[in-house]
Amino acid sequence: MTSNLVGLLLAAGRGTRFGSDKLLHPLPDGTPLAVAAARTLQAACPRCVAVLRPEQTGLAECLTREGLAVVFSPEARAGMGHSLAAGVATTPEAAGWLVTLADMPFLRVDTVQAVMQALAGGAALAAPVCAGRRGHPVGFAARWRDELQGLTGDEGARALLGRHRALIVGIETDDAGVLRDVDVREDLGG
């Protein structure tokens with residue numbers, strides 16, 4: 001079943017607090033932030049799709065070179081819910097989705113693999129838990145297809161996860177990267 005799972009890299013956010021295009025910002029090793037996140041996702045999930053805004057052509061080129069399929073979603077400007085819906089809509093045959101954010105380059109591959117394995121093992125929903133807090137990536141089984149495709153706004157799948165909290169398989173981890181996104185330049189340090 002793992003071959004029927006699709007990794008979704010949500011990369012359509014504006015990142016205005018960062019002060020420049022954070023997703024193309026180089027990490028200390030020179031790798032663009034979103035490329036680092038994409039590589040981690042790809043190491044765990046053989047088929048990956050990135051969702052971007054139409055004007056993100058430079059990022060699209062980078063991610064395509066990395067082997068990701070790219071989907072442009074004009075509605076993504078209105079929020080993460082639209083991005084997630086677009087990614088699911090373009091992969092209707094998937095047995096599930098492993099959803100990660102392009103501004104989270106510090107995830108470990110083994111953590112992403114653990115979430116994917118939980119999905120492959122039959123979990124309806126799965127997510128890592130670090131220090132008592134649920135993080136990313138989040139895994140969704142195919143049974144959520146219709147709900148995911150109907151998402152709008154900037155809340156993403158937060159409401160869906162809240163309503164079905166009891167179904168989430170939590171994977172305990174010491175990977176602090178599951179909670180660490182980059183919103184401002186200071187988030188790149190330590």
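Side notes on the structure shown:
- Other-chain or far-sequence residues with amide H under 5 Å of Gly96's (modelled H): Val6, Ala142
- Highest to lowest packing among 163-176, 139-152, scored as the average C-beta count within 10 Å: 139-152, 163-176
- Rounded percent of accessible protein surface that carbon and sulfur make up, the chain, 1.4 Å probe: 51 percent
- Intensity falloff of the stretch 30-88 expressed as log10 I(q)/I(0), Debye formula with alpha-carbon point scatterers, at q = 0.14, 0.21, 0.26 Å⁻¹: -0.36, -0.80, -1.12
- Orientation-averaged projected area, Cα convex hull of the stretch 14-173 (nm²): 9.2 nm²
- Each distinct pair of alpha carbons in the stretch 1-102 adds a 1/r term; the inverse of their mean, the Kirkwood radius, is 13.5 Å.
- Multiplying the residue separation of Arg77 and Val109 by 0.36 nm and subtracting their alpha-carbon distance yields 8.6 nm.
- Antiparallel beta bridges, as assigned by DSSP with both residues in the chain, represent about 30 percent of the total such bridges.
- Across the stretch 134-149, rounded Karplus estimates of 3J(HN,Hα) from the backbone phi angles (6.51 cos²θ - 1.76 cosθ + 1.60, θ = phi - 60°) give 6, x, 10, x, 10, x, 10, 6, 4, 4, 9, 3, 4, 5, 5, 5 Hz, Gly and Pro being marked x.
- Label-to-label distance, nm, for residues given as Ala43 and Asn4 (7 Å Cα→Cβ offset): 2.8 nm
- Gyration tensor verdict on the stretch 96-190 (Cα atoms; rounded if a/c is under 1.5, prolate if a/b is larger than b/c, oblate otherwise): oblate
- R0 of 30 Å, Cβ-Cβ distance Asp29-Ala89: FRET efficiency to nearest 0.05: 0.30
The values are calculated or read from the model by the stated rules, or taken from the named source; none is laboratory data. Source: prediction; values computed, not measured. Glycine gets a Cβ as well: all are built from the backbone with ideal geometry, and neighbour counts include every protein chain shown. To get the accessible areas, we keep the full protein, side chains included, count just its heavy atoms, and leave off ligands, DNA and RNA. Shrake-Rupley method; radii C 1.70, N 1.55, O 1.52, S 1.80 Å.
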